[in-house]
Amino acid sequence: MPRGLSIRRYLALHVLLTGFVLLALSLVFVFSQQHTDRAERRIFDHELAPGTALREVERRLLSVHAQLQGVLLGSTSPADVHEVLTREATQLRSGWAAFRRDHDDWLRDAREAQLIANLEAELPALWDFLERAVTACRRDDRDELTRLLRANWSDLQSVLFGNLRELATLQGHHIGLARQELRVSRQHSEVLVGSLLAAGVVLLGGFAIGLLRYVMRRIAAIEQALGQVAAGAAAVAMPHHPGETEMARIADAIKRTAAQLSESHDAIAILLRRQQTILESLAEGLYGVDADGRIMFANPAGLAMLGYAEHEVLGLPAHALFHHHHADGRPYALEDCPIAESRRTGRVSTRVGEVFFRKDGSSLPVEYTSAPLRNADESPGCVVVFHDITERLEQDRLLRDTIAELQATNVRLGEAQGQLLQAEKLAGLGQLAAGVAHEINNPIAFIQSDIGAFEKYLQDIFTLIDGYEALIHRQSDTGLRGAATRLHDDADLDFVRGDLHTLIAESRDGLRRIARIVADLKDFSRVDDSRELAEADLVQGLESTLNVMHATIAEKADVVRDYAPLPAVRCQAGQIHQVFVNLLLNAVHAIKHRGTITVSARQHGDEVCIEIRDTGRGMEAREKQRMFDPFFTTKPVGEGTGLGLSVSYSIVRRHDGRFEVDSAPGRGTAVRIWLPVKGPACVDA
């Protein structure tokens, strides 16, 4: 190959040569394909089409013979054959015309021309025969048909069918010759294309081999120069010819790389010295492992903690050496080790409280962090930094004990404070309710008395009006009577009379409802004497509580009552009423939009059961487990203290009762209170 050309120029020359070869192959292929297409079209147009037309003429003649024989044998009616013969005659004329048209373009055999002339000579007799046969069929003249078949048709049949068969044989021979010519043409085209293809492949192969040798020589020179760079040579020589621009740029790049590597070697040596100084100065233990978990390095502090010398650990598996068991003595499987996981996944992992084992077999609790040693996108190992946390664990234990004691004290203080707050709240609420009930009672008594007097006065007034109207209507003055009637109608006195009775009845009903609410308030406010045990009607207490909380409950839920008769229960009624209040409030708050609260009361043996069921959001297992803990609440900050259920639990427990809770997310909550009918032995204040 010529010298002084760059690799890009060699490649461009190779592309041009390849394009020329492909163009030549394409032209030859197109020429041969056109020649083959012309040969195939000639076979179809001038050989196959005339042969098909000739066979169609023969088939039509056989059909005419069959139809006439059917008439003579009586299997076909002459009327039907008349139409068929007319159609067949037309098809015979058109079929013969098509044969002559297609065949005349390709006539080249004397015998074939003689056969066609013989057929042409017999055609007038055939047409005459067909016309006479059609006429005989139309007239239903079977004698004429018989004569035609025995005389005319037998003569025509021998001449027509003999010539047609011989002509068809010659036509088939022509088709075979044309197909043979087509095969020879295709073979010539294949030989020509194959020759050109072989020549192109040889030419391109020779050029490619030359280019490959050229490139391989240059690659060998580059490898030699890179070997010198790898050996640490600062100056590298790489010969190349003028005009080889790529090689010139590669030589310059290798020289610059050699100079930079020399500088990098010096910098790496400095970094290694600094790294060794840092490792020796660290107070924390540190070691590194490779991809197989074998120790590559360890600093003096880590070796001192574990009691090893450096030569005793290098190359050994770190996990089997000092991380083989858990703190409780269980074997530590390698696949569960976080250090091995850091090697596999490339993630940083930190553990506190695991143990490393010293050379003498003793262990020390450590906190360690394992981080991958990254090399590009791979993680060939990891580095572990650890320190002894024996003193910290002891301090943590003391701190946990102190915190546990403080938490227990805080819980007891919280319960006591909650109970005190609840007691003060109940006492204040009872006093307020009792005062409100007392203050409302007096106005209610006045209103009830005034309503009675008002009703009597209205009755007297209407009686007086009725008397006046009766006197006026007995007068003879029609003008006076008309004026009185207009006044009566303008005032709509009849409607006013009926409506006033309705208003008085509604006012009396409202007063009765106010009186019932006041009575419920008085019953609910019996907090001052709730320290004493007394028999109480819990159903009445439930009704009083529901009446007092009617406005709060009605906004969110409908109340369904399901009471069975209950005996009087010995208890502190005021405190039990407060339990009802807390449970009903929780049920209302658990309902997000609109729902139902079902209140049930049942007796089971020596116990009564009060159940409050809601259709709210329900509770998860964690919430259900902590629902009676002091200060635990699921409400937003500022909307609940978390003491309601805790105080309720304390009240029921002091009455020797118990709670049962059924709840699931999305299915609501049912809380059942079980209380002994005879009450507790005693209730502490």
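The values are calculated or read from the model by the stated rules, or taken from the named source; none is laboratory data. Note that the structure is a prediction, hence the values are computed from the model and not measured. Here the Cβ is made from the backbone with ideal geometry for all residues, glycine too, and neighbour counts use every protein chain on show. Just so you know, the surface numbers come from the protein's heavy atoms only, side chains and all, with ligands and any DNA or RNA stripped out. Shrake-Rupley method; radii C 1.70, N 1.55, O 1.52, S 1.80 Å.
Miscellaneous remarks
- Working from label points 7 Å from Cα in the Cα-to-Cβ sense, the Ile461 to Arg139 distance is 13.3 nm.
- Accessible surface of Glu83 - all protein chains present, 1.4 Å probe, nearest 10 Å²: 120 Å²
- Here the range 556-607 carries DSSP beta bridges of which approximately 10% are antiparallel, counting only pairs with both residues inside.
- Measuring with a 1.4 angstrom probe and ignoring ligands and nucleic acids, Leu16 comes out at about 130 Å² accessible.
- Put simply, the amide H of His326, placed in the peptide plane, has neighbours under 5 Å in Tyr332, leaving out anything fewer than 5 places away on its chain.
- In Å², nearest 10: area of Tyr287 left accessible to a 1.4 Å probe: 10 Å²
- Once the chain from Glu131 to Gln276 is taken as fully extended at 0.36 nm per residue, the excess over their C-alpha distance is 39.8 nm.
- Å² per residue, accessible surface of the range 457-518 at 1.4 Å: 72 Å²
- Residue order for Arg617, Arg217, Arg570 - accessible surface, 1.4 angstrom probe, largest first: Arg217, Arg617, Arg570
- Separation in nanometres of the label points that stand 7 Å from Cα toward Cβ, at Leu177 and Val15: 5.4 nm
- Counting only protein chain heavy atoms and rolling a 1.4 Å probe, the accessible areas of Glu144, Glu535 rank, largest first, as Glu535, Glu144.
- Per atom type, the range 262-314 shows carbon and sulfur on 57% of its accessible surface, probed at 1.4 Å.
- Shape of the range 180-223, Cα gyration tensor, a/c cut at 1.5: prolate
- The order of Arg397, Arg672 by accessible area, most exposed first and with a 1.4 Å probe, is Arg397, Arg672.
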